[in-house]
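Since the structure comes first, as structure tokens, the remarks are kept for the end.
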């Protein structure tokens with residue numbers, strides 16, 4: 001029985017990248033032996049165990065054979081006779097098919113170290129095409145390591161394109177798509193995830209609402225980058241610089257989906273795109289079964305981002321109504337995430353990457369004023385229901401009119 005460190009831990013160790021978790025492969029052992037040693041079995045489809053002390057995952061060396069469509073259509077064979085090389089060849093990328101023994105020696109039968117040096121994401125074997133989730137994984141790894149200069153190997157890119165042409169991407173189930181998409185939103189360059197999917201033609205199948213934005217023009221005086229799809233990638237990039245929260249980044253990505261619904265004869269203008277964007281957001285979120293907090297933040301960002309951009313043009317009464325619709329008083333964290341997404345939208349344009357955006361600060365100050373109001377005198381009046389709601393609204397409006405001032409140099 002031999003135990004090897006495998007996969008991401010070895011890869012990131014060689015890259016001098018933070019190691020988040022450790023996975024191990026056990027060669028030459030049976031299920032009974034693992035249980036006798038105190039390991040806790042957790043795998044249903046194949047033997048995976050938790051170490052009795054560290055709780056790291058240990059999997060018996062195994063082979064896989066594709067016998068049906070879908071990610072569950074694999075026949076798994078785990079036995080003491082499966083070699084380390086046989087286990088590693090079933091993995092997706094060469095950089096994930098590297099192992100390390102207990103003496104620190106690197107076992108690299110598929111030249112993963114060479115691809116780490118070349119900064120290439122390359123598939124290990126033709127079996128890559130048996131699992132369409134790997135298209136998403138490659139895109140996610142590209143998003144993670146883009147800042148280090150990594151790119152997708154040409155032969156892997158072509159294989160991913162062929163998988164899409166052959167209909168493999170259509171077999172992806174919502175849970176697996178969202179799992180990889182959610183992880184990608186948390187990477188350093190999530191916009192690269194979208195780019196890789198688009199380059200292999202998978203975006204129009206997996207995220208058609210996003211794909212539809214490419215080729216849609218915008219007024220050049222406001223958007224020097226012109227193309228709405230390019231603008232969306234730039235906004236996502238800015239959101240990643242401003243926030244580590246995947247929900248905020250998702251809202252930034254979806255804020256302009258309504259522009260894809262503008263009739264061509266109206267291009268490059270997109271009047272009413274804010275409200276139009278709510279339908280594709282709901283469809284996307286329903287299809288991928290996204291958490292409610294992602295959907296809600298994306299919806300309010302789509303509907304109200306222009307209200308923030310025009311903060312110094314609208315009346316204070318409109319400002320207050322907007323803040324109340326945003327439910328800023330009860331959900332200040334979501335309100336802040338919304339303002340960050342709006343900031344990303346402004347900065348996601350050619351030449352505006354470092355724009356200060358005082359409009360967001362104006363909205364922050366407005367909420368601060370509202371929350372500082374002493375409501376006790378109003379409560380003492382004994383008002384109830386709509387009368388109380390009207391009284392609160394009047395008090396808030398009075399405070400904004402009195403204390404909220406736009407910056408001197410707008």
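The values are calculated or read from the model by the stated rules, or taken from the named source; none is laboratory data. Just so it is clear, the model here is predicted, and its values are computed rather than measured. Cβ: placed from backbone, ideal geometry, glycine included. Neighbour counts: every protein chain shown.
I'd like to check something: does region 350-358 contain any residue that is modelled with pLDDT of 95 or more, in a helix (DSSP H, G or I) and surrounded by 19 or more Cβ atoms within 10 Å (Cβ to Cβ)?
no
Scanning region 192-209 for residues that are within 17 Å of the chain's Cα centre (by Cα) and touching a residue at least 60 places away in the same chain (Cβ under 8 Å), which turns out farthest from residue 251 (Cα to Cα)?
Filtering region 192-209 for residues that are within 17 Å of the chain's Cα centre (by Cα) and touching a residue at least 60 places away in the same chain (Cβ under 8 Å), the one farthest from residue 251 (Cα to Cα) comes out as 202.
Looking only at region 335-349, decide whether some residue is at pLDDT below 95, out of contact with any strand residue (DSSP E or B) (no Cβ under 6 Å at 6 or more places or on another chain), assigned by TED's automatic domain parsing to the domain that holds residue 304 and farther than 20 Å from residue 299 by Cα.
No, that holds for no residue.
Filter region 275-294 down to the residues that are free of Cβ contacts under 8 Å to residues at least 24 places away in the same chain and more than 19 Å from residue 210 (Cα to Cα) and list them by number.
Once the filter is applied, which keeps residues that are free of Cβ contacts under 8 Å to residues at least 24 places away in the same chain and more than 19 Å from residue 210 (Cα to Cα), region 275-294 yields only 292.
Would you say residue 134 is buried (at least 22 other Cβ atoms within 10 Å of the Cβ), outside the structural domain of residue 238 (by TED's automatic domain parsing) and under 30 Å from residue 292 (Cα atoms)?
Answer is yes for this residue.
Can residue 180 be described as in contact with a helix residue (DSSP H, G or I) (Cβ under 9 Å, 6 or more places away or on another chain) and buried (at least 17 other Cβ atoms within 10 Å of the Cβ)?
Spelling it out, residue 180 is indeed in contact with a helix residue (DSSP H, G or I) (Cβ under 9 Å, 6 or more places away or on another chain) and buried (at least 17 other Cβ atoms within 10 Å of the Cβ).
Has region 1-13 got at least one residue that is modelled with pLDDT under 95 and part of a strand (DSSP E or B)?
No, every residue in region 1-13 fails to be modelled with pLDDT under 95 and part of a strand (DSSP E or B).
Name the residue, out of 280, 268, that is touching a strand residue (DSSP E or B) at 6+ places or on another chain (Cβ under 6 Å), closer than 22 Å to residue 348 by Cβ and at pLDDT 95 or above.
268
Here's a check for you: in region 52-79, which residue that is modelled with pLDDT of 80 or more and in a loop (DSSP other than H, G, I, E, B) is farthest from the chain's Cα centre (by Cα)?
Of everything passing the filter in region 52-79, 79 is farthest from the chain's Cα centre (by Cα).
May I ask you to verify whether residue 297 is within 18 Å of residue 262 (Cα to Cα) and either crowded, with 21+ Cβ neighbours inside 10 Å or in contact (Cβ under 8 Å) with a residue 24 or more places away in the chain (or both)?
Judged against the criteria, residue 297 is not a match.
Okay, residues lined up against (1) crowded, with 17+ Cβ neighbours inside 10 Å; (2) in contact with a helix residue (DSSP H, G or I) (Cβ under 7 Å, 6 or more places away or on another chain); (3) not assigned by TED's automatic domain parsing to the domain that holds residue 294:
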| site | (1), (2), (3) |
| --- | --- |
| 160 | yes, yes, yes |
| 167 | no, no, yes |
| 172 | yes, yes, yes |
| 175 | no, no, yes |
| 186 | no, yes, yes |
| 191 | yes, yes, yes |
| 197 | yes, yes, yes |
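Checking residue 261 against (1) in contact with a helix residue (DSSP H, G or I) (Cβ under 9 Å, 6 or more places away or on another chain); (2) in contact (Cβ under 8 Å) with a residue 40 or more places away in the chain, only one condition comes out false. Which one?
The single condition residue 261 does not satisfy is (2).
Considering each of 240, 212 in turn, give the residue that is closer than 20 Å to residue 355 by Cα and within 19 Å of the chain's Cα centre (by Cα).
Matching residue, one of 240, 212: 240.
The conditions are (1) in a strand (DSSP E or B); (2) surrounded by fewer than 20 Cβ atoms within 10 Å (Cβ to Cβ); (3) in contact with a helix residue (DSSP H, G or I) (Cβ under 6 Å, 6 or more places away or on another chain), and residue 49 fails exactly one of them. Which is it?
Only one criterion is unmet by residue 49, namely (2).
Residues are listed down the side, and each one gets a yes or a no for (1) in a helix (DSSP H, G or I); (2) surrounded by fewer than 14 Cβ atoms within 10 Å (Cβ to Cβ); (3) without any contact (Cβ under 8 Å) to a residue 24 or more places away in the chain; (4) not assigned by TED's automatic domain parsing to the domain that holds residue 319:
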residue: 378; (1), (2), (3), (4): yes, no, yes, no
residue: 381; (1), (2), (3), (4): no, yes, yes, no
residue: 386; (1), (2), (3), (4): yes, yes, yes, no
residue: 390; (1), (2), (3), (4): yes, yes, yes, no
residue: 394; (1), (2), (3), (4): yes, yes, yes, no
residue: 399; (1), (2), (3), (4): yes, no, no, no
residue: 408; (1), (2), (3), (4): no, yes, yes, yes
